[in-house]
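First comes the structure, then the notes that go with it.
The values are calculated or read from the model by the stated rules, or taken from the named source; none is laboratory data. This one's a predicted model, so the numbers in the text were calculated from it and none came from an experiment. So basically every Cβ, Gly included, is an ideal-geometry build from the backbone, and we count neighbours across all protein chains shown.
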Amino acid sequence: MPAEELGQGAIVLMHGVWSNRRTMVQRARVLHEHGFAVLLFDFQAEGESPGKHITFGHLEGLDAAAAVAFARQRLPGERVGAIGVSLGGAAALLVL
């Protein structure tokens, strides 16, 4: 279902350290089934994102901010939240 039809808002899922967006797929499915638009992404230097090393929050916070900004741009007027695990949780706290 297109995000524009969901109406529950959007959730940005942020994976943990030494991981990638694929670890959040099951959460994404459950949230989508409950009417949320969901955004998954890889932090820099993890998964398919370029980068040489993780920074334990410094650059990942910028990635998180960009992901939240993207969700807000795509779904203006909708609430945007985040769920983060480990490093993703720290990055979410830096941006929200």
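Taking the condition touching a residue at least 60 places away in the same chain (Cβ under 8 Å) and part of a loop (DSSP other than H, G, I, E, B), does Gly16 pass? Show your work before the answer.
Working: touching a residue at least 60 places away in the same chain (Cβ under 8 Å): yes; part of a loop (DSSP other than H, G, I, E, B): yes.
In short, yes.
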Exercise. Being at pLDDT 95 or above and either of a type in the set (A, V, I, L, M) or touching a strand residue (DSSP E or B) at 6+ places or on another chain (Cβ under 6 Å) (or both), is that true of even one residue in the stretch 40-58?
Worked result: yes
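Listed here are the residues, each with its yes/no results for (1) basic (Lys, Arg); (2) crowded, with 18+ Cβ neighbours inside 10 Å; (3) free of Cβ contacts under 8 Å to residues at least 12 places away in the same chain; (4) touching an Asp or Glu at 6+ places or on another chain (Cβ under 7 Å).
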position	(1), (2), (3), (4)
Ile11	no, yes, no, no
Arg21	yes, yes, no, yes
His32	no, no, no, no
Gly35	no, no, no, no
His58	no, no, yes, no
Asp63	no, yes, no, no
Val68	no, yes, no, no
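Can you work out which of the residues in the stretch 70-82 that are surrounded by fewer than 17 Cβ atoms within 10 Å (Cβ to Cβ) and within 13 Å of the chain's Cα centre (by Cα) is farthest from Met14 (Cα to Cα)?
Here is the first cut: in the stretch 70-82, the residues surrounded by fewer than 17 Cβ atoms within 10 Å (Cβ to Cβ) are 70, 72-74, 76-77, 79, 81.
Next, from what is left, pick out any that are within 13 Å of the chain's Cα centre (by Cα): 70, 72, 81.
Values: Phe70: 14, Arg72: 16, Gly81: 11 Å.
Applying the filter and picking the extreme gives Arg72.
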